[in-house]
Amino acid sequence: MSLGGESRMGRAWRWLREHAVNIVAGGVVLYLLLPIAVILLFSFNDPQGRYNYTWVGFTLYHWGHAFSRPELTEALLTSLKLAVLATAISTIVGTMMALALVRHRFFGRRSANFLIVIPMATPEVVVGAALLSFFLILGTPSLGFQTLLIAHVMFCISFVVVVVRSRLIGFDRSLEEAARDLGASSLQTFRLVTLPLIMPGVFGGAMLAFALSIDDFVISNFNSGTTVTFPLYIFGAAQRGIPVEVNVIAMMLFGVTVLAMGATVWQQRRAEKMSEVRPEQEAPPVAIGAVEAA
């Protein structure tokens, strides 16, 4: 082998070693996005029969009539309503729990930190069966939207607590102390300083709870009764042929998720810039009460 050939091989091997991590990361991303690309492609398909598994031809008809199936639209609205309510409740309760676990010392705090992780680590089949047994033991008249909401709030709270708690652990408490020194009350400090800085964590936990709720099938299947959510509708439709409108709605939900992720990143960068702001050393602090009196 010539010296030129060895030199080219050496440069190629050096380039491969320098970019190996990027190549592997790109391959993993492509692997994860491949199913989404297939769903997007077949959302423009025009199948001749019930099954949307073979490419027949391109059409925009299903995008223009995405909500033409009443049962599919009703299941989607049920899932959205359930996800919004579960997200709101779990975000409020989870944020307060995270604040209590990080900021306060109380009896059973370590046990609470451990118990928070259990719903995340427990298989969904076990959680769903346990909740069903719990509702039956309580003598619940009928399973439906209420039992679904209780179940979804239960497993969403843990994720919100973990996300918000991680944000609070790295929180700079000197910013709150500065606000209190300037005359702000506890409520003003939380509303004007603490909440804006932890908002990326709160928003991220809320988005995670929303995604888990609207995508849940196993726990919902145990506790839904006659209520049909979007995942349950897809499971039932898979046995007789999934309509193309399911692919269209799935891509709409994916687009909303991407926008929410972008908003989360923007909010996080904004909070990081706010946390980097420090008062100038030359200027002495002015009390809020003195400014209002002036």
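The values are calculated or read from the model by the stated rules, or taken from the named source; none is laboratory data. Keep in mind it's a predicted model, so treat the numbers as computed, not measured. Note that we place each Cβ from the backbone using ideal geometry, even for glycine, and neighbour counts take in every protein chain shown. In case anyone asks, the SASA skips ligands and DNA or RNA and just uses the protein heavy atoms, side chains included. Shrake-Rupley method; radii C 1.70, N 1.55, O 1.52, S 1.80 Å.
Accessible surface computed residue by residue for region 51-210, with neighbouring protein chains in place and a 1.4 Å probe, gives 56 Å² per residue. Given R0 = 35 Å, the distance between the Cβ atoms of residue 36 and residue 73 translates into a calculated FRET efficiency of 0.95. Stretched out straight at 0.36 nm per residue, the stretch from residue 96 to residue 250 would grow longer than its current Cα-Cα span by 52.2 nm. A Förster distance of 30 Å, applied to the separation of the beta-carbon atoms of residue 178 and residue 265, puts the FRET efficiency at 0.65. Taking every C-alpha pair closer than 8 Å and separated by at least 6 residues, the mean separation divided by the residue count of the chain gives a relative contact order of 29 percent. Sorting 30-37, 161-168 by their mean Cβ neighbour count within 10 Å, with the most densely packed peptide first, gives 161-168, 30-37. Over the chain, dividing the summed -39,500 (n - 2.57) contributions of all DSSP H runs of at least 4 residues by the number of residues returns a 222 nm mean residue ellipticity of -24000 deg cm²/dmol. Each Lys and Arg contributes +1 and each Asp and Glu -1, all at the Cβ; summed about the Cα centre of region 1-73, the dipole is approximately 240 debye.
Rg/Rh, computed from the Cα trace of region 5-47 with Rh as the Kirkwood radius, has the value 1.36. Extension gain, residue 60-residue 122: 0.36 nm per intervening residue step, less the Cα-Cα distance, totals 18.1 nm. Of the DSSP H helices in the chain, those with a Cα length along their own long axis of 30 Å or more and a mean Kyte-Doolittle hydropathy reaching 0.5 comprise 20-42, 70-103, 145-169, 244-275. Amide H contacts of residue 216 (H built 1.01 Å from N, in plane; Pro and chain starts excluded): no residue 5 or more places away or on another chain comes under 5 Å.
If I compute Cα Rg over 2.2 N^0.38 Å from the structure I just sent, which labelled value in [x] 1.06; [y] 0.97; [z] 1.35 lines up? Working out Cα Rg over 2.2 N^0.38 Å from the coordinates points to [z].
In this structure, residue 134 and residue 23 have a Cβ-Cβ separation that, at R0 = 30 Å, corresponds to a calculated FRET efficiency of about 0.05. Residue 254 sits with roughly 80 Å² accessible to a 1.4 Å probe, with DNA, RNA and ligands left out of the calculation. Spin-label model, residue 221/residue 235: points 7 Å from Cα along the beta carbon direction are separated by 0.4 nm.
Take every Cα pair under 8 Å whose residues are at least 6 apart in sequence, average their separation, divide by the length of region 1-131, and the relative contact order is 9 percent. Judged by the mean number of other Cβ atoms found within 10 Å, the most tightly packed of the peptides 19-28, 78-87 leads the ranking 78-87, 19-28. Between 73, 147, 189, the residue with the greatest mean-square fluctuation in the GNM of the chain (Cα pairs under 10 Å linked by springs) is 189.
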